[in-house]
Every structure is written in structure tokens, then in C-alpha cells.
Amino acid sequence: MTTTVRPEKRLHPWREPVRPRPAATILLLRDTGDGPQVLMTRRSAQASFAPGAYVFPGGVVDARDASPLARERADVRADQDEEVLSFATAAVREAFEELGILLARGGAHAAAIADIARRLDRRREADLFSQVAERGLRLALDEVHWLSHWVTDRDLPKRFDARFFVARMPEHQQPVADEGEQFEPIWVTPAEGLARHAERKFNIIFPTIRTLRQLTRFGSVDEVIEHARSQASIRVSCPRGGWLRGRIERFSEDELPYGELELVTPDGSIHHSLDWQSERVVPLLRHVHRLTAPNPGRMTGPGTNTYLVGAPGDWLVIDPGPDDAAHIDRIAAFVGDGLKTIVCTHAHPDHAPGARPLQRRTGAKIVGRPSGPDFNPDWAFSPDETLEDGARLRVGDSTLRVLHTPGHAEHHVCLLLEEDGLLFSGDHILNGSTTVVDPPDGDMRAYVASLERLAAEPFEFILPAHGHVIARAKTEIARLIAHRMAREAKVVGALDRLGGGTLDELVVLAYDDVDPILHPVAMRSLTAHLLKLRDERRATLDERTKRWQPA
């Protein structure tokens, strides 16, 4: 078993990305009545990277930024290690060389520092650190805080490994562009910059867009700096690109399509289309394809994903979806006479009804686990063959191991493609939403236990029944468990605050972050949480009044 996809199963040959160069960027901020503004400047139209784009000042780290002289002439904090200091020093140097802004202190007051900054030589070869030393100044690196870490997209011919820093704009200083690399320094609020970009009046690149969005959360410079100062860790973000609506769109790690791009084009090359459509099969790997049923909706997202695993002459289908004639026709046309097995992860009506019509077309056997006595009898499911936990299904040179994962439904199974570290998760794990746990067949204790079991299995990617592929699978499972426990804590808090209540009363508090239109659905999972608490002797139900009470 492995967590790495076999190289020969990739759709595209590996192309080694360009090695990124270390770089640093600084966001100089000032307060206004409309909130904080950030200083930006326009790059030269002849620049080899992001020509004509508005950016924050910054550039490549060079050897001088880690020199003894640079260290001697700087005030630093205890939390700034040597590597971070090199990047912070580069950011401060670039702010001076590009815009004449000097983050420094000495015996003089701020106005005198500003006057010194105007008279210093801004040419790179003039060496800022020597000039600072000659005038008895010290760089104020202790006022520079690390905000974020971006690595340029893997598909681009010129790449940077850039740390983004924040600092307050020094008093009495005014930005003056060098008119060589940078032009037109301007102050903008984050919201203003994003609005102008949306109107196509302000050319900004992906990390700049995401950084401006991040800044919209803060009401003052102090808030930005406090956020940067107090971060427990800083995530490295390297965007990925794919085709969407006929153009290249880029996504960071916290956005829904990112994991699919990581699976299909790990080197970052731009090949994969992310558009949801039901007319054609979408290849994810040479032996894994997806066909999305034409049943989008509030509970199904873009539609139910049918997965086709194998190769011509030997196919296995996972979740044939609803009994939709066009969808069944497309599956049958793709697999031809080579379909051997139809797997239903569970029997909900957006997953299993297509199994019998597909069987009539192909003769394939239907496997899964039969639905239980608490399952909706209108959707009762009895497969040709019952899948036992731990059973293995062979298709071509791949092995799918059955994992019984009760919770969303008592008979729910996931399938682990052992040779490539892929989990077909059915509805147990979704991309972009949390699955509904609907008692009595749904069980929250079983659901969380199944998640904990999956956390110990060897896979890196999750292929859900709804939504794009999910990467960094164990991180996502940990997030889901934490989310369920946080929701449980809100349920307990609602019980305590109200001193008990009905489902209608409790859902308002326990799901106050959910659109009220979804409260009827949320009450199913609320019931599951309450039953879990009852089983753990942390809550009780008065059957006569239907009121829940804290135990």
C-alpha cells in the first residue's frame, strides 16, 4: 500500500518546475478614516515578471541582506531568526531602493530621519547598509512583521519564494518611485484595490489579490500588525492553475479546486479543466475517470460524481448515481462491454438508483452493503453481493479495499485504492460542505469513529461523491473531526444557555452560523449530536415534551 500515485498512472509527463528565487515584499500601511491603506506601485511594462502590475515594494534577497554589517546596523526582536531576518532586511532595503522609504531609527527624530532618507543614494550599488552605518542609524527590523509566505505558481517561467512583511509607514516620509523598476506609487484601501481590479482598472496578480482580501478583515494598522505578530505558524502557499470558463484561473490551498489540480497536474502545468459538466467523462488519472450526474442542487452540490476505475475491457463503476437515462447512457458508452462491477457506497437516491438500469445495459454485478431496518424503506437496497469490511476488489492492476464507514448511513462504505493512496469517500467526506447525519440510520458517534479510523489509513487524496478531489487528506479529516467537536460544543452551550429546549429552539443557537433556510436540514445533524450526548450521558430527552436537557 502507498500514499503516492504510481507515476505511470499520471495523465501528463512530469515537467520540472523552475527553481524559485528567495524574495521579500513589504506592505507599508497607514491608518485613515476608511481603515488602513497599503502602499502600492506599478511595475515597469518591460519587467520580466508581472509587467505593468500594481504590487507591493519588494525584490530578490541578495548576499548583503545577511551580511555582518546588515546585522550590526539593525534592531531586531527575539522571535526573528537568521533566515527571517535576511528576508526582512531585503524587504526594508527594497522599500528604500524602489520608493525611498527608510525604516530606520537613530538619535534624530522622525522628521530628521525623513530628511536623511531623501539625501541617501538609492542605487543598489551604493549599499544602503554602509550609508546607514555612516550616519549612525539602525534599521528598524523589529517593527517589521512576517505576514505570509508565497511561492510563485509552478507553471511560470520565473518564480520567487517570497515572504510578505507588514510595517507601519514611517512619519514624514513620502514615496518616490525610482522610475526604473517602479512607477506611480499610490495608497489604496484593500477594498478599493479589489474593486478597481474587478472593474479591470487595476492590474494585480494572484498573491496580491489574496493579500488584499486578507487585509479587508482588519480595521486598523495595529490590528494587522497584531495578527502578523501573534500567528502561531505561517503557511506556505503555492497557487495552482486550471481552466475554468475558458480562461486560466488560479487557486490557493484553501480553495475547493486546489486538491484536484494537485492530483491531476502535480507539476503545476495547465492542462486540467475544472468546469462542472455532465456531458463527458473527465480523466483524473489514466485509470480513474469521473462523470458527474446532471443532478446539481443544494444537497448534491454540482451533482453526484460517478467514478470509473480501470481500463478498456475491465471497468468498475463507483456510485452510478440517480436513475437518469442520459447519465446511464454515458456511463455505458464509456465502459462498453468491459464493465464487471458496480459499487454503491450507500443507497441514498442520488447514488444507487442508477445501478439496476446500468446492470441491465452491461450485465455487471452490483455490490455494496444492504440497507438496514432504520433506513428509509423507499430507498431500500439489496446488492447482488455484500461487501464485507476489509474485502478487496480487483480491477486491472489496482486493488480497492472496502472500508465500512457507518455514520452518514449505517451501511456506508468507502473504497481505498491501495496502489495509489486514493480514497473514494462517497458521502462520508465531501468537498465544500459537511455531510448530513440523519438518525436513526445516521449516527454521529459512528460517524466520528469512522473518521478516526480513516485517519489511520494510508491515502493522500480523497475523491468525494460531491465536489472536486481533496488533497492533504489527513489534514482534511482532522479538520472535519474538529468541526464536529466544535459543533457539539455549541450544542452543549445551547443546552446550558437555554436550560434545555426543543430542536426548534436549540437549532437557532447551535447553528447560528448557518443560513436559517438550512435549519430544517441542520436539525437532522443536531438530533444526531444530541443522541450522541445522550449515549455519553451528557444530555437527556423528555419523551413527553420532546425537550432536551443537559444531564
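The values are calculated or read from the model by the stated rules, or taken from the named source; none is laboratory data. All figures in this text were calculated on a predicted structure; none of them were measured in a lab. Here the Cβ is made from the backbone with ideal geometry for all residues, glycine too, and neighbour counts use every protein chain on show. All accessible areas refer to the heavy atoms of the entire protein, side chains included, with ligands and DNA or RNA removed. Shrake-Rupley method; radii C 1.70, N 1.55, O 1.52, S 1.80 Å.
Taking the criterion of being in contact with a Leu (Cβ under 9 Å, 6 or more places away or on another chain) and either of a type in the set (Val, Ile, Thr) or crowded, with 21+ Cβ neighbours inside 10 Å (or both), the residues of the stretch 365-401 that qualify are Ile366, Val367, Gly368, Arg369, Leu387, Val395, Ser398, Thr399, Leu400.
Look at the stretch 272-290: where a residue is over 15 Å from Ile318 (Cβ atoms) and a partner is open to solvent by 40 Å² or more (accessible area, probe 1.4 Å) and of a type in the set (Asp, Glu), sitting 6+ places away or on another chain with Cβ atoms under 8 Å, you get Leu274/Glu249; Arg286/Glu8. The number of residues in the stretch 509-551 being touching a strand residue (DSSP E or B) at 6+ places or on another chain (Cβ under 9 Å) and over 18 Å from Val437 (Cα atoms) comes to 11. Counting only strands (runs of 3 or more DSSP E) that fall entirely inside the stretch 276-321 and contain at least 3 residues that are closer than 14 Å to Phe424 by Cα and at pLDDT 95 or above, the qualifying elements are 288-292, 305-311, 314-318.
Conditions (1) farther than 22 Å from Leu147 by Cα; (2) in a loop (DSSP other than H, G, I, E, B), marked per residue:
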{"residue": "Phe164", "(1), (2)": "no, no"}
{"residue": "Val176", "(1), (2)": "yes, yes"}
{"residue": "Gly180", "(1), (2)": "yes, yes"}
{"residue": "Phe183", "(1), (2)": "yes, no"}
{"residue": "Leu194", "(1), (2)": "no, no"}
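Scan the stretch 93-124 residue by residue and report those that are under 30 Å from Arg210 (Cα atoms), among the hydrophobic types (A, V, I, L, M, F, W, C), in contact with a helix residue (DSSP H, G or I) (Cβ under 9 Å, 6 or more places away or on another chain) and in a helix (DSSP H, G or I). The one that is under 30 Å from Arg210 (Cα atoms), among the hydrophobic types (A, V, I, L, M, F, W, C), in contact with a helix residue (DSSP H, G or I) (Cβ under 9 Å, 6 or more places away or on another chain) and in a helix (DSSP H, G or I): Phe96. Yes or no: the stretch 79-90 includes at least one residue that is farther than 16 Å from Thr208 by Cβ, in contact (Cβ under 8 Å) with a residue 40 or more places away in the chain, among the small types (Gly, Ala, Ser) and open to solvent by 30 Å² or more (accessible area, probe 1.4 Å). No.
Among (1) open to solvent by 20 Å² or more (accessible area, probe 1.4 Å); (2) in contact with a strand residue (DSSP E or B) (Cβ under 8 Å, 6 or more places away or on another chain), which single condition is Ala70 missing? It fails just one condition, (1).
Residues in the stretch 125-153 that are within 20 Å of Gln173 (Cα to Cα), open to solvent by 60 Å² or more (accessible area, probe 1.4 Å) and part of a helix (DSSP H, G or I): Glu143 alone.
Taking the criterion of being more than 16 Å from Val309 (Cβ to Cβ) and out of contact with any Pro (no Cβ under 9 Å at 6 or more places or on another chain), the only residue of the stretch 278-292 that qualifies is Arg280.
The test for being touching a Leu at 6+ places or on another chain (Cβ under 8 Å), closer than 14 Å to Ala23 by Cβ, modelled with pLDDT of 95 or more and surrounded by 16 or more Cβ atoms within 10 Å (Cβ to Cβ) does not hold for Phe160. Among the residues of the stretch 105-113, is there at least one that is open to solvent by less than 20 Å² (accessible area, probe 1.4 Å) and of a type outside the set (Val, Ile, Thr)? Checked the stretch 105-113: no residue is open to solvent by less than 20 Å² (accessible area, probe 1.4 Å) and of a type outside the set (Val, Ile, Thr).
So that you can scan it fast, the table gives a plain yes or no per residue for (1) surrounded by 14 or more Cβ atoms within 10 Å (Cβ to Cβ); (2) in contact with a Ser or Thr (Cβ under 8 Å, 6 or more places away or on another chain):
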| residue | (1), (2) |
| --- | --- |
| Thr4 | no, no |
| Arg10 | yes, no |
| Arg15 | no, yes |
| Ala23 | yes, no |
| Leu29 | yes, no |
| Gln46 | no, no |
| Tyr54 | yes, yes |
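Could you tell me how many of the residues in the stretch 329-373 are more than 28 Å from Asp441 (Cα to Cα), hydrophobic (A, V, I, L, M, F, W, C) and in a helix (DSSP H, G or I)? Summing the residues that are more than 28 Å from Asp441 (Cα to Cα), hydrophobic (A, V, I, L, M, F, W, C) and in a helix (DSSP H, G or I) in the stretch 329-373 gives 5. Residue-level check: of (1) at pLDDT 95 or above; (2) within 25 Å of Met169 (Cα to Cα); (3) open to solvent by less than 40 Å² (accessible area, probe 1.4 Å); (4) of a type outside the set (Ser, Thr, Tyr), Asp267 misses just (2). So how many residues does the stretch 402-420 have that are farther than 18 Å from Pro353 by Cβ and open to solvent by 10 Å² or more (accessible area, probe 1.4 Å)? Counting residues in the stretch 402-420 that are farther than 18 Å from Pro353 by Cβ and open to solvent by 10 Å² or more (accessible area, probe 1.4 Å) gives 5.
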